[in-house]
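The values are calculated or read from the model by the stated rules, or taken from the named source; none is laboratory data. Since the model is a prediction, treat every value here as computed from it, not as a measurement. Here the Cβ positions follow ideal geometry from the backbone for every residue, glycine too, while neighbour counts run over all protein chains shown. Side chains are part of the model used for accessible areas, which takes the heavy atoms of the whole protein and leaves out ligands, DNA and RNA. Shrake-Rupley method; radii C 1.70, N 1.55, O 1.52, S 1.80 Å.
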Amino acid sequence: MAEPPGAAAEEAWGKVDAAYGDNGPEPALFMDGVRKGSVVSRANSIGSTSASSVPNTDDEDSDYPQEHYKESYKDQRRRAHTQAEQKRRDAIKKGYDDLQAIVPTCQQQDSAIASQKLSKAIILQKTIDYIQFLHKEKKKQEEEVSVLRKDVMALKIMKVNYEQIVKAHQDNPSEGKDQVSDQVKFNVFQGIMDSLFESFNASISVTSFQELSACVFSWIEEHCKPQTLRDIVIGVLHQVKSQLY
């Protein structure tokens with residue numbers, strides 16, 4: 001037996017009412033839970049994605065001081081190198097300025113060119129030339145000092161001999177009574193000079209004044225020794241004595 005249409009409709013409405021009525025879940029709450037679940041799941045997915053995409057800030061904080069220290073060390077080395085290079089350049093410049101002030105040939109006398117700065121090559125060349133000039137002058141002065149020392153030595157020897165002669169006369173004043181004549185003195189002096197001139201003439205070269213000076217000092221050193229002069233004087237005295245007696 002067929003059911004009436006009204007009964008079928010009432011049964012269907014009853015199922016809906018049971019599902020969404022007082023005993024079943026409310027549609028609003030169900031939809032709210034669905035929305036909340038989707039929001040939570042979406043937030044979790046976004047959070048996981050953000051967490052995976054955000055870099056490790058702790059590592060960055062730990063690496064930053066080290067990187068900063070490296071940069072600071074490089075800057076310090078660069079600054080120290082720059083300062084050392086500047087000091088080296090200043091020292092070189094000061095050295096050239098000192099050379100230009102010390103070396104007389106680097107001091108420009110002409111006011112027209114005094115304003116022009118000398119190049120480093122010119123300063124070095126003038127300094128080398130001046131050093132060579134000083135070396136030659138030093139050698140020349142050393143030779144002159146050596147000659148003067150020899151002259152002083154010869155004068156000291158002559159002084160000692162004269163002092164001995166004076167002392168001998170003072171010790172024997174009676175020997176002065178029988179004085180020889182001036183002619184005899186001249187003959188003794190002439191004999192000594194003639195004997196010395198023989199060796200002098202044989203040893204001296206007169207090609208130039210410099211060579212003459214050198215030969216004179218060489219002759220004095222060789223033929224004017226105390227013992228040589230003593231022998232010459234004794235020989236001349238014997239010769240004069242033989243002529244007188």
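Tabulated values for the structure
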read-out	value
Near pairs, Cβ below 7 angstrom, 6+ apart or cross-chain, from the stretch 227-244 (within 12 Å of Leu196 (Cα to Cα)) to any residue that is surrounded by 12 or more Cβ atoms within 10 Å (Cβ to Cβ) and at pLDDT 85 or above	Ile232/Ile192; Ile232/Ser195; Ile232/Leu196; Val233/Ile192; Val236/Val188; Val236/Gly191; Val236/Ile192; Val236/Ser195
Test: residue in the stretch 110-132 that is closer than 30 Å to Ala214 by Cβ, part of a helix (DSSP H, G or I), modelled with pLDDT of 85 or more and of a type in the set (A, V, I, L, M, F, W, C)	yes
Condition met for Lys138 (open to solvent by less than 100 Å² (accessible area, probe 1.4 Å), among the basic types (Lys, Arg) and either at pLDDT 90 or above or touching a Gly at 6+ places or on another chain (Cβ under 8 Å) (or both))	no
Val240 being of a type in the set (A, V, I, L, M), surrounded by 14 or more Cβ atoms within 10 Å (Cβ to Cβ) and at pLDDT below 85	yes
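Yes/no matrix, rows are residues, columns are (1) among the aromatic types (Phe, Trp, Tyr); (2) open to solvent by 100 Å² or more (accessible area, probe 1.4 Å); (3) at pLDDT 85 or above:
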| position | (1), (2), (3) |
| --- | --- |
| Asp182 | no, yes, no |
| Asn187 | no, no, yes |
| Gln190 | no, no, yes |
| Phe197 | yes, yes, yes |
| Ser218 | no, no, yes |
| Cys224 | no, no, no |
| Leu229 | no, no, yes |
| Val236 | no, no, yes |
